[in-house]
Amino acid sequence: MPFAIIVHGGAGNIREAQRAPHATGIRQAVTAGYALLARGESALDAAQAAVMILEDLPAFNAGRGSCLTSAGTIEMDAGLMDGRDLRVGAVASITHVANPIAVARLVMERSEHILFAAEGAQAFAQAQGVAAVSTEALLTPARTQEFAHVQQANFAATLAAEQRGAVADTVGAVALDIHGNLAAACSTGGMSWKKPGRVGDSPLPGCGYYADSQAGGCVTTGWGETIARVVLARRAVEALERGLDPQAAAQAALAFLAARTGGWAGLIVLDRHGRVGAAFNSVRMTHAWWDSDMAEPTVVA
Ligand code: ASP
């Protein structure tokens, strides 16, 4: 059976200086996920492992390196989906964990719910034995600097001025394992200068991520308010169900988003045959993929 993984490090106006660390990180993540798949591990484990690597790297807006809210706090969202049985786990506005995606996995496997938010998410994590970390442990000098810069404008003005989102760098992965199962995982600090309590698309199934082993999987990134309105990840998987190939599915879903909401986003798609697609209307979207027919990954940064 073929296996494959596609990973992204965010859609946005990724600055020149950020391109090298992005490329290194995304290569590391896709390689780790691929190695697990090659050993016969599950798509869920591979997608989660790839996302955890990116959460740990300060270059990305997830886990350590998350952006700040307008109140100077960190509130992270994450979600994952198992395409075998459409199970979902997610957390929103979680504040003091290193790896929100690992907590999302625990929500899926050890609770009767799909999504915990804010204090409830933090309390659930701790009840499951996840260590609490301080805001300082998640904060990077680059984010502190960005916060100071954004403080001089307001969120809307920043969005317009930065042209399609310097504010992104969310991370995500979609994997297909040798058993023919698909999984998708997504993790983010959200958008810089978001209001405290704001939740975007990333923890919402169908919006930030979706996986169905009978069709394919998708993870999205970009302006969450517009992504959620068109249920972007599900829309891309629906296009696969209609017979489009992954590249056409990604482009069709993105075109719909742009036409109907004026939003900007990026998405990665993997179908049940291991074929990939990626599309974005931001300046860039760091992404990489590796399937079992390739000798090494392809990295786009
Ligand atoms: N979609 C994320 C959000 O709106 C941000 C991102 O993808 O960079 O929270």
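The values are calculated or read from the model by the stated rules, or taken from the named source; none is laboratory data. Note that this is a predicted model, so its numbers are computed, not measured. All Cβ positions, glycine included, derive from the backbone under ideal geometry; neighbour counts span all protein chains shown. Quick note on the areas: whole protein, heavy atoms, side chains included, nothing else; ligands and nucleic acids left out. Shrake-Rupley method; radii C 1.70, N 1.55, O 1.52, S 1.80 Å.
Before moving on, here are some points about what is shown:
- Criterion violated by Leu267 - all others in (1) within 15 Å of the ligand (Cβ to nearest atom); (2) under 23 Å from Met52 (Cα atoms); (3) surrounded by fewer than 22 Cβ atoms within 10 Å (Cβ to Cβ) satisfied: (3)
- Number of residues in the range 250-264 that are surrounded by 24 or more Cβ atoms within 10 Å (Cβ to Cβ) and in contact with a Lys or Arg (Cβ under 6 Å, 6 or more places away or on another chain) equals 2.
- Beta carbons closer than 9 Å, at least 6 apart along the sequence or on distinct chains, pair a first residue in the range 131-156 that is exposed (fewer than 13 other Cβ atoms within 10 Å of the Cβ) with a second that is modelled with pLDDT of 95 or more and assigned to a helix (DSSP H, G or I) for Ala131/Ala125; Ala132/Gln122; Ala132/Ala125; Ala132/Gln126.
- When Ser66 is tested against (1) in a loop (DSSP other than H, G, I, E, B); (2) open to solvent by less than 30 Å² (accessible area, probe 1.4 Å); (3) out of contact with any Leu (no Cβ under 7 Å at 6 or more places or on another chain), exactly one condition is not met: (3).
- Residue in the range 6-22 that is in contact (Cβ under 8 Å) with a residue 60 or more places away in the chain, β-branched (Val, Ile, Thr) and assigned to a helix (DSSP H, G or I) present: no
- With respect to the conditions (1) assigned to a helix (DSSP H, G or I); (2) surrounded by fewer than 24 Cβ atoms within 10 Å (Cβ to Cβ); (3) β-branched (Val, Ile, Thr), Val103 lacks only one, and its number is (2).
Residue-by-condition table, conditions (1) in a strand (DSSP E or B); (2) of a type in the set (Val, Ile, Thr); (3) within 21 Å of Leu176 (Cβ to Cβ):
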residue	(1), (2), (3)
Ile26	no, yes, yes
Leu36	no, no, yes
Asp45	no, no, yes
Gln48	no, no, yes
His96	no, no, no
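- Ala117 falls short of the stated requirement of being open to solvent by less than 60 Å² (accessible area, probe 1.4 Å), farther than 30 Å from Trp289 by Cα and at pLDDT below 95.
- Ala59 more than 29 Å from Asp85 (Cβ to Cβ), in a strand (DSSP E or B) and within 16 Å of the ligand (Cβ to nearest atom): no
- Cβ pairs under 6 Å, 6+ apart, first in the range 170-199 and on the phi > 0 side of the Ramachandran plot and of a type outside the set (A, V, I, L, M), second near the ligand (Cβ under 8 Å from one of its atoms) and not in a strand (DSSP E or B): Gly190/Gly200
- Single residue of the range 5-39 satisfying the filter (hydroxyl-bearing (Ser, Thr, Tyr) and open to solvent by less than 60 Å² (accessible area, probe 1.4 Å)) that is farthest from Val300 (Cα to Cα): Tyr34
For every residue, the table says whether it meets (1) aliphatic (A, V, I, L, M); (2) touching a Gly at 6+ places or on another chain (Cβ under 7 Å); (3) away from the ligand (no atom under 16 Å from the Cβ); (4) modelled with pLDDT under 95.
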position	(1), (2), (3), (4)
Leu37	yes, no, yes, no
Ser42	no, no, yes, no
Ala46	yes, yes, yes, no
Arg64	no, no, no, no
Leu86	yes, no, yes, no
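- Here Ala71 qualifies as in a loop (DSSP other than H, G, I, E, B) and of a type outside the set (Asp, Glu).
- Within the range 231-241, not a single residue is small (Gly, Ala, Ser) and surrounded by fewer than 24 Cβ atoms within 10 Å (Cβ to Cβ).
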